[in-house]
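Each remark here refers to the structure printed beneath this line.
The values are calculated or read from the model by the stated rules, or taken from the named source; none is laboratory data. On a predicted model such as this, the values are computed, not experimentally measured, just so you know. No Cβ is skipped: glycine too gets one built from the backbone with ideal geometry, and neighbour counts run over all protein chains shown.
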Amino acid sequence: MRIHCPYCGERGVEEYSYRGDATVRRPDANGPDALERFVEYLHLRDNPAGSHQEFWQHLHGCRAWLVVQRDVRTHAIESVVAASRRVAR
Amino acid sequence: MRAWRDAEPRPQYDVVIVGGGGHGLATAYYLAKEHGISNIAVLEKSYIGSGNVGRNTTIIRSNYLHPANARFYERSLKLWEGLEQDLNYNVMVSQRGVLNLFHSDGQRDAFARRGNAMRLNDIDAGLLDEAEVRRLLPYLDFDNARFPIRGGLLQPRGGTVRHDAVAWGYARGADRRGVDIIQNCEVTGIHIERGRVTGVETNRGVIRAAKVALCCAGNSSRVATMAGLRLPIESHVMQAFVTESVKPLVDMVVTFGAGHFYISQSNRGGLVFGGDIDGYNSYAQRGNLPTVEAVMESAMALMPGLGRLRVLRQWGGLMDMSMDGSPIIGLTPVEGIYLNAGWCYGGFKATPASGWCFAWTIARNQPHELNAPFRLDRFASGHVIDEKGAGAQPNLH
């Protein structure tokens, strides 16, 4: 598996470290349902068998955090963007 | 003669078990044997033995620190010890010992603590010094410059079991008690009415049941989604390896304490070994080469003679990596749906106790005291069982 870093080009997966699902969002700690939202944020994952959006860090390269869209059935990389440039939702 | 009937699905059962792996088959067996419930279907999307029950490195042990884990896995080891008589089937239980090597003073202290905890839980454990390990395994790289071997924690009752025989033995035992084992039957939907399960939809038609038990580790999230459940689980890939056959060399299970590496020798003579999961979400049942390299480096650091052997086969299996590194066996928010999941890469040794506890839970609609700590709602209540202390990061467990 090779990941195309927007800054360094295509590099082997051994240069990267994995964080996990990039779709979860830290909830508002002062919200009325903060406890439940934090349980979901910390523990629950969709874990789809298909296209998965995930955080990788180019740890042994430029150290940039990336958002990678990857098919977890085949390991095919669909897209990579720098986490800092991800379109806010 | 077939060891079990090739059953056709009937329209209704008391219990439908989704997943015909070791845990599903053991659950069916103990439901029939211990609780007198035999109107059961075990639905397997492929063939019996095609999943992780035939892909693991066959190790059994109960060398845990945390009390909930120690009690549960020790019950499993006790069931392994009587399993062949119980099933009247040779599953080749071999209590050849599991030796965890340590490489520093700090690690010796940690292992002494774990060994003491095991003995307090009535589990066998012994701390070996370097000379004793040298006598047992003279070919290890004791004087490795970076990771010298200082000794090891031995559980003599640990060992290996012929893994696919476990699936066949439980399948045969369950079948003889009237359980229908239905292969090539994939669940595609779960029917729920007013918060209560009523049956499952499969590629071979609808099957009604008041109780549906999910035993599909590796794919737990996918199946649970059909019941509207979102689980604290990520699916990861784990690789294992076997070399060409050699004469008897490694007569116990040995683990390297400076990396993640474990090795034993199969009865055919191949050396069976593995390491860490690859570390990213995957449903591919195959891994990548950097992990292969890391495993081989560990092998060479521990047992340099392995470099002369050729690797015969290498494969990958899907791991339900849970958020605290411990499994889930228990009730779910949907009435009638029971969950057995999150085995990380420790599911094989748990097979008998998992089936035994899950059968109890299904029959009585409440967990046994052995699996009560492994409830699904522990993540919300904060009662996580994190043996490694790694936090909610599945690829670190």
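General observations
- Pairs where the first residue, in the range B:147-158, is closer than 12 Å to residue B:105 by Cα and the second is modelled with pLDDT under 95, C-beta under 6 Å, 6+ apart: B:147/B:258
- Once the range A:5-15 is narrowed to residues that are surrounded by fewer than 18 Cβ atoms within 10 Å (Cβ to Cβ) and either among the small types (Gly, Ala, Ser) or within 13 Å of chain B (Cβ to nearest Cβ) (or both), the residue that is farthest from residue B:381 (Cα to Cα) is A:9.
- Condition met for residue B:197 (assigned to a strand (DSSP E or B), among the β-branched types (Val, Ile, Thr) and touching a Gly at 6+ places or on another chain (Cβ under 9 Å)): yes
- Number of residues in the range A:40-51 that are part of a loop (DSSP other than H, G, I, E, B), small (Gly, Ala, Ser) and out of contact with any helix residue (DSSP H, G or I) (no Cβ under 6 Å at 6 or more places or on another chain) equals 1.
- Some residue of the range B:91-107 being surrounded by 20 or more Cβ atoms within 10 Å (Cβ to Cβ) and assigned to a helix (DSSP H, G or I): no
- Exactly one residue among A:49, A:34, A:64 is under 13 Å from the mean Cα position of the chain (by Cα) and of a type in the set (Gly, Ala, Ser), and that residue is A:64.
- The residues listed here are A:70, A:2; of these, the one that is crowded, with 17+ Cβ neighbours inside 10 Å, within 11 Å of another protein chain (Cβ to nearest Cβ) and of a type in the set (Lys, Arg) is A:70.
- Residue in the range B:11-26 that is more than 18 Å from the chain's Cα centre (by Cα), surrounded by fewer than 24 Cβ atoms within 10 Å (Cβ to Cβ) and not in a strand (DSSP E or B) present: yes
Okay, residues lined up against (1) away from chain B (no Cβ under 13 Å); (2) farther than 26 Å from residue A:6 by Cβ:
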position	(1), (2)
A:17	no, no
A:23	no, no
A:30	yes, yes
A:36	no, yes
A:39	no, yes
A:53	no, no
A:56	no, no
A:62	yes, no
A:66	no, no
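- Any pair with Cβ under 9 angstrom, 6 or more apart, that starts in the range B:229-240 at a residue that is in a loop (DSSP other than H, G, I, E, B) and ends at one that is surrounded by 24 or more Cβ atoms within 10 Å (Cβ to Cβ) and polar (S, T, N, Q): B:229/B:221; B:230/A:47; B:230/B:221; B:231/A:47; B:231/B:220; B:231/B:221; B:231/B:322; B:232/B:322
- Annotation note: of A:37, A:25, the sole residue that is touching a helix residue (DSSP H, G or I) at 6+ places or on another chain (Cβ under 8 Å) and under 27 Å from residue B:226 (Cα atoms) is A:25.
- Scan of the range B:168-181 for residues that are surrounded by fewer than 24 Cβ atoms within 10 Å (Cβ to Cβ), farther than 15 Å from residue B:37 by Cα and not basic (Lys, Arg), ordered by number: B:168
- Residue identified as crowded, with 18+ Cβ neighbours inside 10 Å, over 26 Å from the mean Cα position of the chain (by Cα) and closer than 27 Å to residue B:348 by Cβ among B:137, B:153: B:137
- Residue B:82 meets all of the listed conditions (1) under 16 Å from the mean Cα position of the chain (by Cα); (2) surrounded by fewer than 18 Cβ atoms within 10 Å (Cβ to Cβ); (3) small (Gly, Ala, Ser) but one, namely (1).
- Only one of the numbered conditions (1) on the phi > 0 side of the Ramachandran plot; (2) touching a helix residue (DSSP H, G or I) at 6+ places or on another chain (Cβ under 6 Å) is violated by residue B:340, and that is (1).
- Remark: residue B:206 falls outside the filter, which requires a residue to be buried (at least 20 other Cβ atoms within 10 Å of the Cβ), at pLDDT 95 or above and hydrophobic (A, V, I, L, M, F, W, C).
- Within the range B:263-278, being surrounded by fewer than 22 Cβ atoms within 10 Å (Cβ to Cβ) and closer than 17 Å to residue B:147 by Cβ holds for one residue alone: B:276.
- Among the residues of the range A:52-61, the one identified as within 13 Å of the chain's Cα centre (by Cα) and in a loop (DSSP other than H, G, I, E, B) is A:58.
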